1. Determine which member of the set A:E380, A:E397, A:E355, A:E350 is acidic (D, E) and either at pLDDT 95 or above or within 15 Å of B:R106 (Cβ to Cβ) (or both).
2. Looking at B:Y310, is it away from chain A (no Cβ under 12 Å) and either more than 27 Å from B:T234 (Cβ to Cβ) or among the acidic types (D, E) (or both)?
3. Quick check on this structure: which one of B:P125, B:P91, B:P72, B:P101 is within 14 Å of chain A (Cβ to nearest Cβ) and out of contact with any strand residue (DSSP E or B) (no Cβ under 6 Å at 6 or more places or on another chain)?
4. What about B:L65, is it in contact with a strand residue (DSSP E or B) (Cβ under 7 Å, 6 or more places away or on another chain) and assigned by TED's automatic domain parsing to the domain that holds B:N126?
5. List the number of the failed condition for B:A235; all other conditions in (1) within 14 Å of chain A (Cβ to nearest Cβ); (2) buried (at least 23 other Cβ atoms within 10 Å of the Cβ); (3) out of contact with any strand residue (DSSP E or B) (no Cβ under 8 Å at 6 or more places or on another chain) hold.
6. From (1) in a loop (DSSP other than H, G, I, E, B); (2) at pLDDT 95 or above, pick out the condition that doesn't hold for A:M60.
7. Checking the conditions here, which among B:V262, B:V284, B:V270, B:V219 is crowded, with 23+ Cβ neighbours inside 10 Å and over 30 Å from B:G115 (Cα atoms)?
8. Checking A:P393 against (1) surrounded by 24 or more Cβ atoms within 10 Å (Cβ to Cβ); (2) on the phi < 0 side of the Ramachandran plot; (3) at the interface with another protein chain (Cβ under 7 Å from one of its Cβ atoms); (4) without any contact (Cβ under 8 Å) to a residue 60 or more places away in the chain, which test does it fail?
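The values are calculated or read from the model by the stated rules, or taken from the named source; none is laboratory data. From a predicted model like this one, the values you see are computed outputs, not experimental measurements. In this analysis, Cβ positions are derived from the backbone assuming ideal geometry, glycine residues included, and neighbour counts consider all displayed protein chains.
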2 protein chains.
Amino acid sequence: MTLLEQLGREAKAAEPLLRTLSEEQKNQVLNQAAEDLVTHTERILRANEKDMIQGKEKGMKAGLLDRLLLTPERIEGMAEGLRQIAKLPDPIGQVIDEHTPANGLRIRKVRVPLGVIGIIYEARPNVTADAFGLCFKTGNAVVLRGGSDALYSNQAIVAVLKETLASCGCPVSAISLLEDTSRETAADFMKLNRYIDVLIPRGSAGLIASVVKNSTIPVIETGSGNCHIYVDETADPAMAAEIVYNAKTQRIGVCNACESLVVHERAASVFLPMLAKRLAEKEVELRGDERARAVIPMKEAAEEDWGTEYLDYILSVKTVDSISEAIAHINRYNTGHSEAIITEDKTHAEQFLREVDAAAVYVNASTRFTDGFEFGFGAEIGISTQKLHARGPMGLEALTSYKYEIYGTGQIRG
Amino acid sequence: MTLLEQLGREAKAAEPLLRTLSEEQKNQVLNQAAEDLVTHTERILRANEKDMIQGKEKGMKAGLLDRLLLTPERIEGMAEGLRQIAKLPDPIGQVIDEHTPANGLRIRKVRVPLGVIGIIYEARPNVTADAFGLCFKTGNAVVLRGGSDALYSNQAIVAVLKETLASCGCPVSAISLLEDTSRETAADFMKLNRYIDVLIPRGSAGLIASVVKNSTIPVIETGSGNCHIYVDETADPAMAAEIVYNAKTQRIGVCNACESLVVHERAASVFLPMLAKRLAEKEVELRGDERARAVIPMKEAAEEDWGTEYLDYILSVKTVDSISEAIAHINRYNTGHSEAIITEDKTHAEQFLREVDAAAVYVNASTRFTDGFEFGFGAEIGISTQKLHARGPMGLEALTSYKYEIYGTGQIRG
């Protein structure tokens, strides 16, 4: 048995115990873990420093180093995240449905944990505590495979969390970390169907595509967002400009940022100059089709612009003759994340909501709201861009399954 | 572009139209399809005859030939299946949830189709009409890859259904059949993520394992059932004997048949002789551990018996000292399908329901009830043994996803 298999087996062995913890027990552990992380701030920071030194030596980019860096404030942030999760209602044990068909059986559909969840992510040590909190609250064991650049940090955080678990009398294999961060072991991890029930990749489009391609374990795809805003001919141009400005520039590196503007040709002449003026404040580069460029000067958009998630101060601009053309364009190029229409026409709003194929479809609001907290779900494990199991912001419920509990009185099938 | 890609693309192109069909339109097509299948009975039977001749020449086993065979009654059965699906309530468009968080957005969670569903199955032509009916009712396009031995039959059935679609003004690519049944094309099909949203394999454990291993499209695993019945020390032995007899022998080739008996050692001496007598009526072979064999004569069970889904007149018998030992044994060897306890002890019943990890867990009833019709869901696309998306009998809802439709009044994120 390899170390990896050993780890999977131990996680699976923790499952029956985790399944039966009460809400109070789970919240107690989460609050204790928050306290322990803060208590061990020095120890975690020392480990993080080793990662930071290695990262600088390897020439990691500033943005990545910033994601890797831990500070006392960031550790307090991780702890606060765990306290918030403790406050969320526990979905486990909830009776989703109850009915008695003609055979007289009493059938209850009850919410249960998924079992063992694998998380594959990059060098962001805050994900470590966060993923543990969400999985533990839902009675799941978690096996983490973080980026090699954050290994020391992750080891320190996981060690603290295991100490918390032990001190609370819970199985320490409720959390485990794959310390061998080689590609070979990652590939083996993605085929550990015997012990892992679900795999959730969190990170870049490349990481996610690799997991989808190589995993034999069911995967929940998260993340990539080529989000559009369609400005209808009846849109209020001032509202449209504020919304596009917000969705493009409020935070550029996130998956629900707007990457592409679709504008009705009858709205373009008034709206585009207003928008361009607003976006100039942040020096946003526009890349447009011919009709857009006839209204205001901008770079020419190439075919690949329509499909690009820039995560940068760049916005593509497509002009259309009708809402149907807008919808067809969006359904061709979007990634199933968040799409918006700005309109004063109720019929157009309804058509857009119905026909655009994405997790979250907005009327007259910024795409930046697609997020567990904004949706009122609390902390989230990611934003699903697939249609199976969970779609959009995934709160605690997305980490659960259900079972049928059936009471009979001796029924046999005729 | 290969023929396969062409087919995927056309199915995807049908999606927007299918999504917006009304319940009445869909039911009209389903009822028309039922009528058309019956009208074209001769044509379908002629195609089926070609498959049967080839099958006999190839030396297909009697059981497989029987599954392949169509008769006027079986075609009427397929038609009746479609009429039944027309009668089920349409889940599409249902508002699952509606709320307004602090940001003032009105968020509606609405049920939508999955999109394009791929079904991979063996030489059972009745699945062809059945899968179409369930997918069409839920607004999904379906791409079928049936067994090569049923190709002529499937072509005839799909041709009739496409004629129905055309005559009703619906896109004919709502259903398509992969006519190239080579392994290479099947492998390519399982990687057609761009066009196919979900893949559902229906058939033998080998087929399912191959799809899970090779598909990059999300898969819903169905089917295999190593189902146990645990006879507790407090069980009513007469009830227990009737239930085990029913679950083992009422239909042996199905996934919810009982394959293994787990018996408390204090129940064994009274119960096992009663059961053996009842099972002798159907000449069921018992394979037991040492303690079971000390009560009544039977074959010795080997380690591999505990993990075997016999689908035959064979039952393994395991003796335990406690309910906890029974649960541990079941959780080790079961396939997540259906498990039962026979007991008069309420605490034991609850422990079993809570701790056994399977889609359907029964108290005092036969495992044979795990089935869409018995659960009151109507026709089913299969019984899911995984925890993601759907678990247990999958009715129409399992073929749906949801989206968030969000109404704002100009909200931007601060």
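1. Details: A:E380 fails: either at pLDDT 95 or above or within 15 Å of B:R106 (Cβ to Cβ) (or both); A:E397 fails: either at pLDDT 95 or above or within 15 Å of B:R106 (Cβ to Cβ) (or both); A:E355 fails: either at pLDDT 95 or above or within 15 Å of B:R106 (Cβ to Cβ) (or both).
That would be A:E350, the only listed residue that is acidic (D, E) and either at pLDDT 95 or above or within 15 Å of B:R106 (Cβ to Cβ) (or both).
2. On the way: away from chain A (no Cβ under 12 Å): yes; either more than 27 Å from B:T234 (Cβ to Cβ) or among the acidic types (D, E) (or both): yes.
Yes: the conditions hold for B:Y310.
3. Working: B:P125 fails: within 14 Å of chain A (Cβ to nearest Cβ); B:P91 fails: out of contact with any strand residue (DSSP E or B) (no Cβ under 6 Å at 6 or more places or on another chain); B:P72 fails: within 14 Å of chain A (Cβ to nearest Cβ).
Among B:P125, B:P91, B:P72, B:P101, only B:P101 is within 14 Å of chain A (Cβ to nearest Cβ) and out of contact with any strand residue (DSSP E or B) (no Cβ under 6 Å at 6 or more places or on another chain).
4. no
5. B:A235 satisfies every listed condition except (3).
6. (2)
7. On the way: B:V284 fails: crowded, with 23+ Cβ neighbours inside 10 Å; B:V270 fails: crowded, with 23+ Cβ neighbours inside 10 Å; B:V219 fails: over 30 Å from B:G115 (Cα atoms).
On inspection, the qualifying residue turns out to be B:V262.
8. (3)
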